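The values are calculated or read from the model by the stated rules, or taken from the named source; none is laboratory data. Computed from a prediction, not measured in an experiment: that's the story for all the values here. All Cβ positions, glycine included, derive from the backbone under ideal geometry; neighbour counts span all protein chains shown. Side chains are part of the model used for accessible areas, which takes the heavy atoms of the whole protein and leaves out ligands, DNA and RNA. Shrake-Rupley method; radii C 1.70, N 1.55, O 1.52, S 1.80 Å.
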Amino acid sequence: MRRGCISLGNIKCDVCGRIVGYPERYLVVDEKDGEEVPKGNSVRYCVECALTKGYAHYRDEKGERTLTFLP
């Protein structure tokens, strides 16, 4: 399960180790061995790592470019 979140403090990206400070966005994915599962280990991704992994993408709507974590 994917959850798009807004950092309220210093959250650490589990992939690159970067600190996600307030009010940056990050993604939490329940995955085990690289595959999404209903309940498993939660992995936190910063926006850059989520884009690299393919969990995030930019969408153009009404002339604006927005970041989304939804498939």
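With a cut-off of 8 Å between alpha carbons and a minimum separation of six or more residues, what is the relative contact order of the chain in percent?
After rounding, I find 26 percent.
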Filtered hits (lysines, Cα-Cα < 26 Å from K12, offset >= 8 within chain) -> K32, K39, K53
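Beyond 19 Å, how much of the Cα-Cα pair distribution for the chain remains, as a whole percent?
Numbers: 820 of 2485 pairs.
Summing the P(r) tail past 19 Å for the chain gives 33 percent.
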Counting only Cβ distances under 4.7 Å between cysteines, those in the chain with no partner are C5, C16, C49
Ignoring trypsin sites (Lys or Arg not before Pro) buried by more than 11 other Cβ within 10 Å or outside DSSP loops, the longest site-free run in the chain is 1-38
Residue by residue through region 15-31, the couplings from Karplus 6.51 cos²θ - 1.76 cosθ + 1.60 with θ = phi - 60°, in Hz, x for Gly and Pro, are 8, 9, x, 5, 7, 9, x, 5, x, 6, 8, 8, 10, 10, 10, 7, 9
Given unit charges at Cβ for Lys, Arg (+) and Asp, Glu (-), the dipole magnitude of the chain about its Cα centre in debye, nearest 20, is 160
Counting Lys and Arg as +1 and Asp and Glu as -1 over every other residue whose Cβ sits under 14 Å from the Cβ of E35, the net charge comes to 0
In Å², rounded to a whole number, the accessible area per residue of the chain with probe 1.4 Å is 70
